[in-house]
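For reference, the structure discussed in these notes is given below.
No lab work stands behind these numbers, since they all come straight from the coordinates. No experiment lies behind these values; they were computed from the predicted model shown. Glycine gets a Cβ as well: all are built from the backbone with ideal geometry, and neighbour counts include every protein chain shown.
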Amino acid sequence: MIIGLSTYHSDRDFLDSLARAGIDCVELSLPGREYAGFDYAGFAENAKGAGLDIRSFHLPFYLAPEDGPVDPASLDPDVRRRTAEIHARLLRTAASIGARLAVVHACLEQDAEPRREERIARSKESLIALADVAEPLGVTVCVEDLPRTCLGNTAEELADIVSCDERLRVCFDVNHLLYGSHADFLRLLGPKIVATHISDYDFVNERHWLPGEGKIDWKALIDGLDAIGYTGAFTYELGFKGNPKTVARSRDLTPEDIVRNAREIEARRPLTVIGGGGLPDLPM
């Protein structure tokens, strides 16, 4: 198993600690609008100096009141144009630091995704254009499944979205699937899955908990990934201190906890849980 972690921390000591624990690779994923001023070269130098492969790069999605949203499915052509420019620039950045996969959301979440079919059509146009930019850079665009009312919130809808271009692939975020089963998702999209986001949840909303703190059947899930021949990274997307802070733990997580967790899943052993599970009365 190739063990990965989604992070934006570029401190060399932190990255060294990941490598010492047995983490193989990282996905660079920045919060909100911090993409503009981030030291990408410094991150790459420190990650590679620590012996970590920069396997993937998460493209931004956000709503910024000052300069507008980043949304490939927007019905506003100016928003889509600006989003395409931002994503194209960051695809070139991803390639420059060695990332071979670019994870993207098909939309910025709306309260109820009004005019859904039209938004899906605009998202497809944006994704095709993104694949056009990515191909000569040697980067594969991976569309992530999303929760709640987002576009791509079911296996069937995501399959439809990525069908617009054969170059598109899928990042399977296993804690985003609120409608349908993991087994059905793997059966429908298995050949296109080249990346994962790994965390646990309560089947009510995304939680980004450590596997074992939620309700996923991890033996069945890893068996399913093996059955489709998945050979990509097992990339944890969670906070060491809770992300969000919706889970009871007796202490903060460490890189060693993540590696132990991955090895327990790989060996189909009972999972070590640090403290409790989800806190009561969590919101949808």
With DSSP loop assignment and no more than 16 other C-beta atoms within 10 Å, the trypsin sites (Lys or Arg not before Pro) in the range 158-265 are Arg167, Lys215, Lys241, Lys245, Arg251
Going residue by residue through the range 79-85, the Karplus relation 6.51 cos²θ - 1.76 cosθ + 1.60 with θ = phi - 60° gives ³J(HN,Hα) values, rounded to whole Hz and with x marking Gly or Pro, of 5, 4, 5, 5, 4, 4, 5
For the range 2-266, averaging the sequence separation of alpha carbon pairs under 8 Å that lie six or more residues apart and dividing by its residue count, the contact order in percent is 16
Once amide hydrogens are built 1.01 Å from N within the peptide plane, the residues lying 5 or more places from Ile3 or on another chain with amide H under 5 Å from its amide H are Asp24, Cys25, Phe234
Taking every other residue with Cβ under 10 Å from the Cβ of Val79 and scoring Lys and Arg +1, Asp and Glu -1, one gets +1
Kirkwood Rh for the range 107-231 from C-alpha pairs, in Å, is 15.1
Output ordering of 193-203, 16-26 (per-residue mean of other Cβ within 10 Å, highest first) is 193-203, 16-26
Residue by residue through the range 206-218, the couplings from Karplus 6.51 cos²θ - 1.76 cosθ + 1.60 with θ = phi - 60°, in Hz, x for Gly and Pro, are 4, 10, 6, 8, 5, x, x, 8, x, 10, 5, 7, 6
For the range 1-72 (alpha-carbon point model, no solvent) the Debye-based log₁₀ I(q)/I(0) at q = 0.15, 0.18, 0.19 Å⁻¹ works out to -0.52, -0.69, -0.74
The convex hull of the Cα atoms of the range 25-120, divided by residue count, gives a volume in Å³ per residue of 99
Quick calc, Arg81 & Lys219: beta-carbon distance into FRET formula, R0 45 Å, rounding 0.05, result 0.45
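Dividing the Cα convex hull volume of the chain by residue count, how many Å³ per residue is that?
On the way: hull volume 35.0 nm³, N = 284.
Looking at the chain, the number lands at 123 Å³ per residue.
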Given backbone amide H placed at 1.01 Å from N, residues whose amide H is under 5 Å from that of Gly214, ignoring those fewer than 5 places away on the same chain, are Tyr201
Once both label points are put 7 Å beyond Cα along the C-beta direction, the Met284-Ala112 separation in nm becomes 1.2
